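Structure record follows, encoded as structure tokens.
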Amino acid sequence: MPCPYGNMTKPYLIQSNRRSMRLKEYDYSQCGMYFVTLCTYQGECLFGEIVDGHMRLNRLGQIANKCWNDIPHHFSHIELDMFCVMPNHMHAVVNCRGTACRAPTGERFGKPVYGSIPTVIRSYKSVVTKRVNELGRSPGRPIWQSNYYEHIIRNDKSLDEIREYIAHNPARWELDSENEGRATRR
């Protein structure tokens with residue numbers, strides 16, 4: 001099944017600027033469901049491999065997976081829904097709930113707003129990078145593409161389509177032209 005939102009990998013695997021993809025007037029700290037995709041730097045397959053249509057996490061992939069599962073321990077208003085760590089990216093649905101989400105963002109560089117989706121994602125990427133570097137990977141070597149993709153989920157039909165897309169992502173790995181030849185790496 002093709003992604004209902006167009007080609008989900010190309011915009012982040014090749015990104016040449018730091019233009020924000022977020023809606024300018026949207027308060028990302030308010031309650032709601034969000035679809036996010038984070039990609040590794042230069043599309044490097046760091047987190048494992050696809051074997052027979054299933055993701056097999058390596059040690060770095062296990063770190064990425066565990067850190068994602070730990071998010072609600074640090075942000076109690078965040079509820080994790082479906083997610084999938086892939087060799088060079090991850091897709092996830094995040095539910096921001098409760099009164100902690102209602103603070104106005106006004107988020108600017110250097111002034112994060114606790115609990116906003118950008119702060120949650122930035123914290124996640126930071127802790128994964130720190131833990132991976134503790135394993136001896138060259139400090140300063142980027143793990144993540146700067147920025148990420150997000151989509152505000154506005155209804156149940158959209159949520160169901162996104163969940164289906166995430167669930168079938170590993171099985172479609174070999175069909176994705178951006179991942180050509182990567183299925184056998186690492």
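Points worth noting:
- Inter-label distance for H54 and H73, nm, one decimal - labels placed 7 Å from Cα along Cα-to-Cβ: 2.6 nm
- Converting phi to 3J(HN,Hα) with the Karplus coefficients 6.51, -1.76 and 1.60 and the offset θ = phi - 60°, the stretch 83-93 yields 8, 8, 8, 10, x, 10, 6, 9, 10, 7, 10 Hz in sequence order, with x at every glycine or proline.
- Between G115 and V120, the built amide H atoms are under 5 Å apart, and every one of these is 5 or more places off in sequence or on another chain.
- Amide H to amide H, with H built 1.01 Å from N, I153 comes under 5 Å of M33, Y34, F35, counting only residues 5 or more places away or on other chains.
None of the figures in this text is laboratory data; all of them are computed from the coordinates on show. Quantities reported herein were computed from a predicted structural model and do not represent experimental measurements. Quick reminder, even Gly has a Cβ in these numbers, built from the backbone with ideal geometry, and neighbours come from all protein chains shown.
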